[in-house]
Structure formats: C-alpha cells, structure tokens
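The values are calculated or read from the model by the stated rules, or taken from the named source; none is laboratory data. This structure is a prediction, so every number in the text was calculated from the model and none was measured. For neighbour counting, all protein chains shown are included, and Cβ atoms are generated from backbone atoms with ideal geometry for every residue, glycine included.
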Amino acid sequence: RKPKAARPQTASFVVVANRLPVDRIELPDGSVDWRTSPGGLVSAFEPIMHSHEGAWVGWHGAPDEELDPFNSDGMELVPVPLSTEEVEHYYEGFSNATLWPLYHDVIAHPEFHRDWWVAYRTVNQRFAERTAEVAETDALVWVQDYQLQLVPQMLRQLRPDLRIGFFLHIPFPPTELYQQLPWRNQLIEGLLGADLVGFQLPGGAQNFLRLVRQRLHYETRRDRIQMPEGRTVIARAYPIAIDATGLDQLARSPETAERAAEIRSDLGDPETILLGVDRLDYTKGLPQRIQAFGELIADGALDADKAAFVQVATPSRERVDQYRKLRDDIDRLVGRINGDVGRYGRPPITYLHSSYPREEMAALYRMADVMVVTPLRDGMNLVAKEYVACRAESDGALVLSEFAGAAKELRQAYLVNPYDINALKERILEAIHDSPRTKSRRMRIMRRQVFENDIEHWAKVFLDDLAASHRD
Ligand code: ADQ
C-alpha cells in the first residue's frame, strides 16, 4: 500500500489552480527536476509567495501519480493527483469540451455528459480538501479559473475561517447561453462560496450578478450579493495585465535586437512582416486572419515579395476532438494559400506549430510590423499587451478583435470584427499604410495603458479587496 502523501507545510497565502506552475524536465544524467513555467501569474505572485510563505496547490501534469509536496524556487508546491480517467472527464471533458465552448459564446458546440460532471465535482472536492490542509488559520486563498468553480463553496464548508477569492480568466457568458448548462445552479453556488469573485470585464461581472438574481433570487446591490446566511459576496472586474517592465527590458536587449534581425533576414527581409501568436484554439480566429491575408495577396493589395505573415501557434489540448479538427483545418488553409500564391523559397505564410521561450517571443514581437490578434471571443488576450510592451520605439501597429477583453483597454488599436473578412482586410491595410506618426501616437497611448496597469498592480488590487472584504 502506498503511504499517504506527506503533510505539506501550512501557508498564509495559497494559490489554487488546475496546474502547478512547474514542468518536469529530465536532466542529462537521467534524473528529474522541475522548472518554473514562465508566465504572468507566477511572476506576479512570486513576491507575494515569498513574503507570505505562499503555497501553490495544483496538478503536476502527469496522470496516475501521487507526489509529495515539494519546494521549488522558494514556493511550496502541493500536487493534487489526477487519474487518467479524471484527466479525460474532468479536464479534457467538462473543463475543455463543456465549459470552455459554453463560456466562449458557443463558438464550438458544448457537450454535456453527466459522467464528466461527476468527475468535475470529485476533482474539485479533492482540490478543496488539499487546500484545506495547507491553509493556515485565516489564510488568504486565491482560486483560479473555470476548472475549479466549485472549490470556493467546498472549501468554505471545510474551512469557514478562510478568506476566499476566485478569478475567472475567461469570459463569463450572457445568461441566455449560460442557462443551457444542466448544472448551472451548482456552479453559481460554487462560486458564491468565495468572498470576492473576479472577472476580466465589468460585463462578465454583470452577467454573473444577473444570473444570481434570476436563478437563485438572492438580492444584489451594485457589485454585492447578499447571501441567505448573512454573508456578502463581491463580484467585480479585474482586467488582467502583464509584466510590462520585464518584457520591455527583454525586448530592448541587444540579443533580442540581433535575433529579431536574424528572423527578418531568414524571411527574406520583406518590407512588412505581420505576426500572429496564439495557443492553437478555435476561439482565437486563426482561419479568419489567414484567410484575410491570403485574399490580400491574391487580390494584389499586398505583394507576396514585400509582405510576409508569420503565425506561431502553441500546441494545445490535442486530445480534444475539436482541437484536432482545428489543427487539420489550419494545415489545409495555410497549405492552400501558400500553394496558390507562393513563389520558390517564398511562402507568404510561415506557420510554426510550436511553443517558444520568452526570449524568442520578445524577438518576434520586436520584429513584427503589424500584430494581428483576431479572437472570436477572448477573456483578455495577453498577446496583444505583450506586443505593445515590446515596442520600445513606439512603432508598429496592433490589429485587434473587438471581442477580446483587451479591446476595452487598448482603444487605440486597429479594432475590428474578425467575422467580417472584408473589414479585417481593410484594417490590416490601414495598419500597414498609416503614417508612422499616426502609428506612433496610437502606440504611445497603448504603452501608457500597459505600463500603468501591470500584473503586480493587478494582483495587489485584487488581494487588497479580498483582504478588505467583510465576512459577516
Ligand atoms: P490564453 O487563452 O492562453 O489565456 P492569452 O491571454 O493570449 O491566451 O495568453 C497566451 C500566453 O501564451 C501569452 O503569454 C503568450 O505569450 C503565450 N504564447 C502563445 N503562443 C506561444 C508560443 N507559440 N510560444 C510561447 N508562448 C506562447 C487565458 C484566457 C485569456 C487571458 C489569459 C490570462 O483565454 O483571455 O488573457 O488566460 O488571464
């Protein structure tokens, strides 16, 4: 019999997320080690983690394996095990084939399966129990995202002393769509276990408040919900941000400049380089943007010798059917356009299905004259903000979908409805041909936005509000 996992050290600040912020790597001598996966959340939480002796509760990424808590980079990491079947039902199923499409305007058809729901509940309960073991008395607990919406309520039942915050990284849909969900009431009750529920946009918070009134008949006043047991829950928007200063420094470095020039030259030094960077996801509007660029070349509005499009796409959720199909669709579309309008050694679209380190991302952003971000629906979209942070010279242009949360903040982008291919083509041309002065004015305003509201500020505002939320 396997011994029960060792008791972790307790912490006064606990982050709970589906994944731990580390990836397992194999060293040359065959031993394994953990490397912190770079990301905005980790860098935002790092100072708080250290000053509060913080712990992070999450799955470590491999199924059917129980690991003891371990320390990495000064963070106490508390692994939650998942079985192969749970990965299928809770993660790939309920999280990514039910909730993800439902919360993104049903761009893809959400599937409802009762056994997926059972697994979601079971896994959320396990996360709540593990967190209850780790959190000190009166600790602050911050639960992340759609995979764990039942955790706030489950955790409150186990540990009423805790202050519980929840942040949803994806959109919260209009009530008309949300009502399709067979387990709609349970999920709302799950979230209401928190003291503070954060959304990317005010619209998401309003959708949630409306749903609480409609379905549960609880009273709300502005952003406060009066719970029957006397507690108050706050639902409010906290648009997520990036580590702008860190990225700016990286983008300015001579190494990045050199690498950017090298990529440009590898592409044949075209006059204009357009760039797309995404997780390969059907919400990101890749086909629309590739189609628009292909038509601009075919129409003769852009010259294939002068303009190049680079699309890098991180592999994502490859075991979910809709993602496999998307990958095939993109392969076919890129192949067709390059086949139709390409020349020897000069495919108009360079498509890379791969993930890159931060340094390479900074070089890509620095290299690109026009960044094309066209999601059909997106909670925020960090790529748009990252591009802006990397434009130290205040040049370049951002074409941005109206349906990304970021469009509410980056008003100076070339905003577009990505379903409207003609409009998208026009916006891309405008972004290419506008005067340097116009572009620079737009970029400077966006840079101010991105630098004034960085990720550290974001985390601080949320945690201050959580600490101040009253519980009786
Ligand atoms: P995502 O849907 O993953 O995030 P996004 O916000 O754009 O979308 O973040 C993607 C991140 O992955 C960026 O930091 C980007 O640099 C990185 N990335 C993308 N392609 C890459 C590649 N090929 N190689 C390396 N890195 C790559 C979810 C929500 C968003 C919300 C964020 C944060 O869907 O709406 O903005 O969470 O809350």
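Within region 333-350, how many residues are within 15 Å of A304 (Cβ to Cβ) and either within 16 Å of the ligand (Cβ to nearest atom) or small (G, A, S) (or both)?
Counting residues in region 333-350 that are within 15 Å of A304 (Cβ to Cβ) and either within 16 Å of the ligand (Cβ to nearest atom) or small (G, A, S) (or both) gives 6.
May I ask you to say which residue of R264, R236 is in contact with a Phe, Trp or Tyr (Cβ under 8 Å, 6 or more places away or on another chain) and either within 14 Å of the ligand (Cβ to nearest atom) or not hydrophobic (A, V, I, L, M, F, W, C) (or both)? Reasoning before the result, please.
Working: R264 fails: in contact with a Phe, Trp or Tyr (Cβ under 8 Å, 6 or more places away or on another chain).
Matching residue, one of R264, R236: R236.
All but one of (1) free of Cβ contacts under 8 Å to residues at least 24 places away in the same chain; (2) not in a loop (DSSP other than H, G, I, E, B) hold for E229; which doesn't?
(2)
Say whether the condition of being closer than 30 Å to E86 by Cα and either in a strand (DSSP E or B) or aliphatic (A, V, I, L, M) (or both) is met by at least one residue in region 392-399.
no
Give region 21-63 a look and list any residue that's away from the ligand (no atom under 16 Å from the Cβ), touching a Phe, Trp or Tyr at 6+ places or on another chain (Cβ under 8 Å) and modelled with pLDDT under 80, or say none.
Correct list: I48, H52.
Answer yes or no: is there a residue in region 408-419 that is part of a loop (DSSP other than H, G, I, E, B) and among the charged types (D, E, K, R).
Scanning region 408-419 turns up at least one residue that is part of a loop (DSSP other than H, G, I, E, B) and among the charged types (D, E, K, R).
Of the residues in region 217-243, how many are touching a Leu at 6+ places or on another chain (Cβ under 6 Å) and within 17 Å of F166 (Cα to Cα)? Full working, then the answer.
First pass over region 217-243, keeping only residues touching a Leu at 6+ places or on another chain (Cβ under 6 Å): 220, 233-235, 237, 242.
Of the ones still in play, those that are also within 17 Å of F166 (Cα to Cα) are 233-235, 237.
The total comes to 4.
From the list A128, A194, A205, A135, which one is in contact (Cβ under 8 Å) with a residue 12 or more places away in the chain, within 16 Å of the ligand (Cβ to nearest atom) and not acidic (D, E)? If you could, list the steps in order and put the result at the bottom.
Details: A128 fails: within 16 Å of the ligand (Cβ to nearest atom); A194 fails: within 16 Å of the ligand (Cβ to nearest atom); A135 fails: within 16 Å of the ligand (Cβ to nearest atom).
Just one listed residue meets the conditions, A205.
Sort out which residues of region 440-465 are surrounded by fewer than 17 Cβ atoms within 10 Å (Cβ to Cβ), more than 17 Å from I48 (Cβ to Cβ) and charged (D, E, K, R), and write them in order of number.
Answer for region 440-465, where residues must be surrounded by fewer than 17 Cβ atoms within 10 Å (Cβ to Cβ), more than 17 Å from I48 (Cβ to Cβ) and charged (D, E, K, R): R441, R444, R448, E452.
Tell me which residues, restricted to region 351-363, are surrounded by 18 or more Cβ atoms within 10 Å (Cβ to Cβ), more than 7 Å from the ligand (Cβ to nearest atom) and within 27 Å of G246 (Cβ to Cβ).
A362, A363
I'm trying to understand the selection: among the residues of region 267-287, which are of a type outside the set (G, A, S), over 18 Å from G342 (Cβ atoms) and within 16 Å of the ligand (Cβ to nearest atom)?
Once the filter is applied, which keeps residues that are of a type outside the set (G, A, S), over 18 Å from G342 (Cβ atoms) and within 16 Å of the ligand (Cβ to nearest atom), region 267-287 yields L275, V277, D278, R279, L280, D281, Y282, T283, K284, L286.
Please determine, by comparing only the residues of region 412-435 that are over 21 Å from T283 (Cβ atoms) and touching a residue at least 12 places away in the same chain (Cβ under 8 Å), which one is nearest to the chain's Cα centre (by Cα).
It comes out as Q412.
Of the conditions (1) under 23 Å from D105 (Cα atoms); (2) within 15 Å of the ligand (Cβ to nearest atom); (3) not hydrophobic (A, V, I, L, M, F, W, C), N417 satisfies every one except a single condition; which number is it?
Failing condition for N417: (2).
Which of the residues belonging to region 289-301 are surrounded by 21 or more Cβ atoms within 10 Å (Cβ to Cβ) and either within 16 Å of the ligand (Cβ to nearest atom) or without any contact (Cβ under 8 Å) to a residue 40 or more places away in the chain (or both)?
R289, I290
Any idea which of T438, T374 is in contact (Cβ under 8 Å) with a residue 24 or more places away in the chain, under 24 Å from L302 (Cα atoms) and polar (S, T, N, Q)?
Among T438, T374, only T374 is in contact (Cβ under 8 Å) with a residue 24 or more places away in the chain, under 24 Å from L302 (Cα atoms) and polar (S, T, N, Q).
Select, from D243, D223, the only residue that is modelled with pLDDT under 95 and either in contact with a helix residue (DSSP H, G or I) (Cβ under 6 Å, 6 or more places away or on another chain) or surrounded by 14 or more Cβ atoms within 10 Å (Cβ to Cβ) (or both).
D243
Yes or no: S72 over 24 Å from D378 (Cα atoms), of a type outside the set (V, I, T) and out of contact with any strand residue (DSSP E or B) (no Cβ under 6 Å at 6 or more places or on another chain)?
Working: over 24 Å from D378 (Cα atoms): yes; of a type outside the set (V, I, T): yes; out of contact with any strand residue (DSSP E or B) (no Cβ under 6 Å at 6 or more places or on another chain): no.
Against the criterion (over 24 Å from D378 (Cα atoms), of a type outside the set (V, I, T) and out of contact with any strand residue (DSSP E or B) (no Cβ under 6 Å at 6 or more places or on another chain)), S72 does not qualify.
Restricting to region 138-177, name every residue that is within 13 Å of the ligand (Cβ to nearest atom) and either touching a Ser or Thr at 6+ places or on another chain (Cβ under 6 Å) or at positive phi (or both).
If the condition is that a residue be within 13 Å of the ligand (Cβ to nearest atom) and either touching a Ser or Thr at 6+ places or on another chain (Cβ under 6 Å) or at positive phi (or both), then D145, Q147 are the ones that fit.
Regarding region 408-415, can at least one residue be identified that is within 18 Å of F309 (Cα to Cα) and crowded, with 16+ Cβ neighbours inside 10 Å?
yes
With a cut-off of at least 3 residues that are over 22 Å from A11 (Cα atoms), name the helices (runs of 4 or more DSSP H) lying wholly within region 109-210.
114-134, 175-178, 184-191
Pick from region 241-256 the residues that are within 15 Å of the ligand (Cβ to nearest atom) and assigned to a helix (DSSP H, G or I): which of them is farthest from I170 (Cα to Cα)?
The selected residue is T256.
Might you let me know whether region 302-324 holds any residue that is within 25 Å of the chain's Cα centre (by Cα), among the small types (G, A, S) and surrounded by 14 or more Cβ atoms within 10 Å (Cβ to Cβ)?
yes
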